[in-house]
Every structure is written in structure tokens, then in C-alpha cells.
1. Let me know the charge dipole size of the chain about its Cα centre in debye, to the nearest 20, where only the beta-carbon of Lys, Arg (+1) and Asp, Glu (-1) is charged.
2. For the residue pair Thr278 and Asp112, what label-to-label distance in nm results when each label sits 7 Å from Cα along the Cα-to-beta-carbon direction?
3. With unit charges on the beta carbons (Lys and Arg positive, Asp and Glu negative) and the dipole taken about the Cα centre of the range 65-137, which residue among Ser128, Ala81, Gly69 sits farthest to the positive side?
4. Classify the chain from the C-alpha gyration tensor, please: rounded if a/c falls under 1.5, else prolate or oblate depending on whether a/b exceeds b/c.
5. Using a probe radius of 1.4 Å on heavy atoms only, what accessible surface per residue do you get for the range 94-156? Whole Å² is fine.
6. For the range 175-180, take each phi angle, set θ = phi - 60°, evaluate the Karplus expression 6.51 cos²θ - 1.76 cosθ + 1.60, and give the result in whole Hz per residue in order, putting x for glycine and proline.
7. Hey, if we sort Arg174, Arg155 by accessible area with the 1.4 Å probe, largest down, what's the order?
8. Rounded to a whole number, what % of the accessible area of the range 15-78 do carbon and sulfur atoms account for, probe 1.4 Å?
Amino acid sequence: MKAAIHDTFGEPVDVLVAKETTKPAPAAGEVLVKMTLSPIHNHDLWTIRGNYGYKPDLPGAIGGSEALGTVEAVGDGVDAAMVGKRVAVAGIHGSWAEYFVAPAAGVLPLPDAISDTLGAQLIAMPFSALSLLETLKAKKGDWIIQTAANGAVGRIMEVLAKARGINLVNLVRRDAAAQELKDLGFGNVLSTSDADWKEKAAQLTGPAGAVSAIDSVGGETSADLVDLLGLDGELVVFGTATGAAMPLSSGALIMKHITVKGFWGSRVSKDMAPEERTRLITELVTLAAKGDLTLADGGVFGLDHVSEAMTAALEPGRAGKVMLRP
């Protein structure tokens, strides 16, 4: 089979190569999936660079961690009726290939109402967003401020917060991104490139300030978020688009009793009780099937064009996740 493989850690555009490798066989409790679409996530790029929480064995590592496809074969102990099912799966390794194996218990059969494009990215980022929302202090009527509102998690958070009656301030770094979200019907959208964005955000959240802030950018913006939090507020670090350090003011942290913590979706998912995971996945599938949750792609590339796909994945202003296909 063909797969996107890297033998060393480095920039994905430099080290990833599409080449032939051995087609895997499902072990007991596993299924073999024929890939239809597989998104390129930021954590996939960090993994290839060698600076993520998970490091694959080298050489011969296949990229990718989420995909939609069709079950081709099953291992021992797996219901043969799974063969032919269209499924989504995340939290795996090696999905940027014509075929990959996954735990049978982890694949999610999808209804026809969910498109391939949505199904291919339904679990990783949406599930992380929903899991994050479940852990936040903010409840119905409270305010959350989020950065990178035009990213996958930001777009999903808009849908989820609205469904729960939670108020949301959506921050982006470019005026064009702000206009794009407004055109999509997002409310309370502010561009941090505007000199008065903090004043506008403070007017929205009111004297009490925000209860929770989600930061996926880092740098000076993190300190700004702390300023906008109210007493006993929380700053949750979800990602770092800039890679910059967070220069937080000790005074603000102390006087307002601010909590600062990280959130790693992979660990949360791993530690989650099965019944809780089922409840959250069911909510996501229901939202997607009803059309309340929609996600576009930022372009689709064949495995033979993996270098072009990696370049496209780093371009700002994409409509959605760049996808790979066989």
C-alpha cells in the first residue's frame, strides 16, 4: 500500500514522503480500514517534528491520527458485520495511508446524513472541544473568551456554547478572519489587531468579567486574557499557535485568584469513563446529523502530493482542515 512516511523528525514538508510499504493486518480486537479522507491536524505536524507528547518509532513512521474510511477486514473477536461499514476514528497512529488498523471498540459507524468531509474530522477536535467545555467553570449565562475562534476548535465551541446557553467572545488575529466569522453568523467577534479590542471585550463580559478563557495562541494574548477574567476565573491553555512564552502578571493572578491549567485532549480522552465518552460522542453525532455542526475542508490532496498538502496546512485563513486521500 501507499503511505505518507517519515524516517526522521523534522519539518513535515521536508521529511514526509509518499512511498510503498506493507499493508497491515488486523490483530485480535482490531479492524482494517480503507482510508477515504484523513485530516492534517496541528498535533500531527508537531508529532512529525518530534516535539509532541507522543513520539512514533523511526524509521518508517506513518503520519496521521484521524480518518474516515470503510472497514475492509476484522481481526479475531470482532463482529464480521463490521466489514463494509463507513466509520470514523481518532486517537490512532498511521492514518495517512491507503489502509490502517484501529481498535474495533474505537471506530464510530456514521449515519448517511454525515458527509465524508465532516465525518473525517468529527472526533478529534470536536470531541476535544466538547470535553474541554465540560470541564470549564463557565455554565449557562456565564462568559467564555476564546482565542483562535476561526480554528476548528473555535468554530465548534461556538456551536456547543450556544447549545448550552453560554456566552462567548470570539477572538481572532486578523480583520479578514473576523469578517469571515461574522459572515458565518458568529457573534461577539473581535480582532486583536484592533487597538481597542480589550475594551470592547470588557464591555461584552460586563463588570464581573469572564469566568473562563481558552487560549490557543500564547504570547502577550495570554496576559490579556487574564486581565479580562473575573474573580476566581480560569485560563485554560489548549494550544500555542505562536509558540511564544506567556508573560503572565503575578499581581493579577494573585489578586483575582486566577487558575491557570493545561488541557491535552488525548490524555482526557484516555482517562475518560466509557459511559461519559459515549454520552459526548452521541451529542456530537446528533449535532452533526441535524446539521447544527458543520465543518468544511481546506483542500484535498492525494498521498502523492503530501508535500503540497503540508504546505497548504500551514497557510493562514483556510476554510477548514486540509485533507489527504488515497
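1. Computed about the Cα centre, the dipole is about 460 debye.
2. The answer from the label model is 2.7 nm.
3. Ser128
4. Prolate shape, in that a/c is at least 1.5 and a/b is the bigger ratio.
5. Using a 1.4 Å probe on heavy atoms only, each residue of the range 94-156 averages 30 Å².
6. Listing the rounded values in order: 4, 5, 5, 4, 5, 4 Hz.
7. Largest to smallest exposure gives the sequence Arg174, Arg155.
8. That fraction is 48 percent.
The values are calculated or read from the model by the stated rules, or taken from the named source; none is laboratory data. Quick caveat, the model's predicted, so the values are computed rather than measured. Reconstructed Cβ throughout: ideal geometry from the backbone, glycine too, with neighbour counts over all protein chains shown. The accessibility values were calculated without ligands, DNA or RNA, using every heavy atom of the protein model including side chains. Shrake-Rupley method; radii C 1.70, N 1.55, O 1.52, S 1.80 Å.
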